Amino acid sequence: MDYLNINIIEMKNTGCIKEKEAFLYEQKGKKVRCGTCERFCEIDVGESGFCKTRMNIDGKLYTLEYGDISSISANPIEKKPFFHFFPGSRALTAGSYGCNFSCPWCQNWDISKSVPTPAGSNYVSAERFVRMVKERRCQGTSISFNEPALLLEYSLDVFELAKREGYYNTYVTNGYMSADALRLLVEHGLDAMNVDIKGCEEAVRKYCGADIEKVWRNIKEAKRKGVHVELTTLIIPRVNDAEKCLRSIASRIRNEVGRNTPWHVTQYYPAYKSLEVGLYKGRTPVETLERAWSIGKEEGLNYVYLGNVPGHHYENTYCPDCGELLIKRYGFDVVSYRITAENKCPKCGETIVVKK
């Protein structure tokens with residue numbers, strides 16, 4: 001048995017970290033097959049899977065980061081971004097380490113590309129986390145920053161406790177969790193997901209090492225199960241900004257998820273290994289984002305938004321029928337809110353899809 005394996009077992013036995021067997025896996029002799037995400041890693045004893053957050057210890061799969069919180073903050077729900085889910089509220093947001101994608105442009109690379117270190121764990125129990133929701137005057141929870149599905153076991157415990165206290169629960173995710181993981185999240189109280197649509201098939205396979213169809217499957221299934229869904233595409237020149245790709249994404253949203261599903265097209269800036277792999281050297285031009293916005297509207301989407309361009313008029317919500325300004329935003333702040341208590345446009349009476 002290698003040093004890391006022995007070290008983790010010793011820490012478990014002495015209580016330095018929270019012992020937590022993974023929920024979703026199957027034993028295959030001494031190997032285990034992880035069922036948390038669509039990679040379904042088969043892991044030998046003493047080894048971890050692609051994301052480095054789960055380890056086979058003596059033929060059982062353990063999460064190495066249950067409650068190991070790398071970042072925690074009370075954020076406006078608009079920061080996720082959610083624009084049609086409890087506007088103006090705040091969510092206590094937590095993340096840990098690791099990711100199951102390989103995106104070279106990762107904006108949170110300092111934690112998503114880091115490996116959990118159980119000996120130095122910053123442990124926050126699910127009970128403590130939910131108490132902090134109240135202490136920080138938040139209305140709900142959000143698991144985010146790195147890929148939240150890797151905090152599956154912790155999420156389930158947090159969500160159940162939060163629901164009992166009347167809080168909402170959200171995920172900001174790449175959408176690559178397994179069907180079983182999504183089912184468990186919904187059963188334990190997931191209310192809303194913002195899912196990254198990173199591009200079309202070829203780009204997602206090349207840069208993220210993933211199958212975009214699994215992401216679309218989860219988006220549709222979450223919607224079917226009553227989860228509020230918003231979608232985000234980080235627009236990266238020469239990766240996913242071609243008109244054919246953007247029209248494909250927009251038309252799939254309309255046809256498979258619904259024209260009232262908000263689509264956020266956000267500004268990229270170089271991060272992590274962007275320049276090493278030859279990606280665009282500057283921020284995405286605002287004109288490119290505006291073109292993506294126009295394509296979304298042309299394809300029949302009612303709610304399309306620009307992101308990471310504070311003060312742009314396309315970060316506001318307008319009535320899809322008469323064009324009346326309904327929610328004015330500046331960055332993550334709601335400046336004015338004019339949707340009626342009955343979720344209607346005050347000018348023409350059009351029903352506005354917003355959960356509150």
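Taken together, the values in this text are just the output of simple stated rules run on the coordinates, not laboratory data. As the structure is a computational prediction, the values presented were derived from the model and not from experiment. Here the Cβ positions follow ideal geometry from the backbone for every residue, glycine too, while neighbour counts run over all protein chains shown.
Restriction of the GluC sites (Glu not before Pro) in region 235-277 to DSSP coil positions whose beta-carbon has at most 13 other beta-carbons within 10 angstrom yields E276. Across the chain, Cα-Cα distances exceeding 38 Å account for 16% of all pairs. Other residues whose C-beta falls under 12 angstrom from the C-beta of S294 contribute a net charge of -2, scoring Lys and Arg +1 and Asp and Glu -1. Normalised by the number of residues in region 71-315, the mean separation of alpha-carbon contacts (under 8 Å, six or more apart) gives a relative contact order of 16 percent. Please list the non-local residues whose amide H lies under 5 Å from the amide H of S114, H modeled 1.01 Å from N, same-chain partners needing a gap of 5 or more. Those lying under 5 Å, H to H, from S114 are G98. Within region 71-315, antiparallel bridges make up roughly 20 percent of the DSSP beta bridges whose residues both belong there. Between region 115-185 and region 52-69, the alpha-carbon centres lie 16 Å apart. Per the Debye formula with a single identical scatterer at each Cα and no solvent contribution, what log10 I(q)/I(0) holds for region 162-276 at q = 0.21 Å⁻¹? The Debye formula, applied to the Cα set alone, gives -1.19.
Here the Karplus curve 6.51 cos²θ - 1.76 cosθ + 1.60, taken at θ = phi - 60°, turns the phi angles of region 169-186 into couplings of 10, 9, 10, 10, 9, 7, x, 9, 5, 5, 4, 5, 5, 4, 4, 5, 4, 5 Hz, with x standing for Gly and Pro. Inter-part distance, region 218-264 to region 292-356, computed on C-alpha centroids, equals 17 Å.
Here the Karplus relation 6.51 cos²θ - 1.76 cosθ + 1.60, evaluated at θ = phi - 60°, turns the backbone of region 204-212 into coupling constants of 5, 5, 5, 9, 9, x, 9, 9, 4 Hz, with x for every Gly and Pro. Can you tally the net charge around A91? Count Lys and Arg as +1, Asp and Glu as -1, for every other residue whose Cβ sits under 12 Å from the Cβ of A91. Around A91, the surrounding residues sum to +3. Counting only residues at least eight positions apart within a chain, or on another chain, the lysines with an alpha carbon under 24 Å from that of K20 are K12, K28, K30, K31, K52, K60, K113, K163.
Taking amide hydrogens as placed 1.01 Å from N in the peptide plane, the amide H of E230 sits under 5 Å from those of M193, N194, V195, each at least 5 positions away in sequence or on another chain. Across region 54-60, coupling constants 3J(HN,Hα) worked out from phi with the 6.51/-1.76/1.60 Karplus curve, θ = phi - 60°, read 9, 10, 7, 10, 6, x, 10 Hz, and Gly and Pro carry x.
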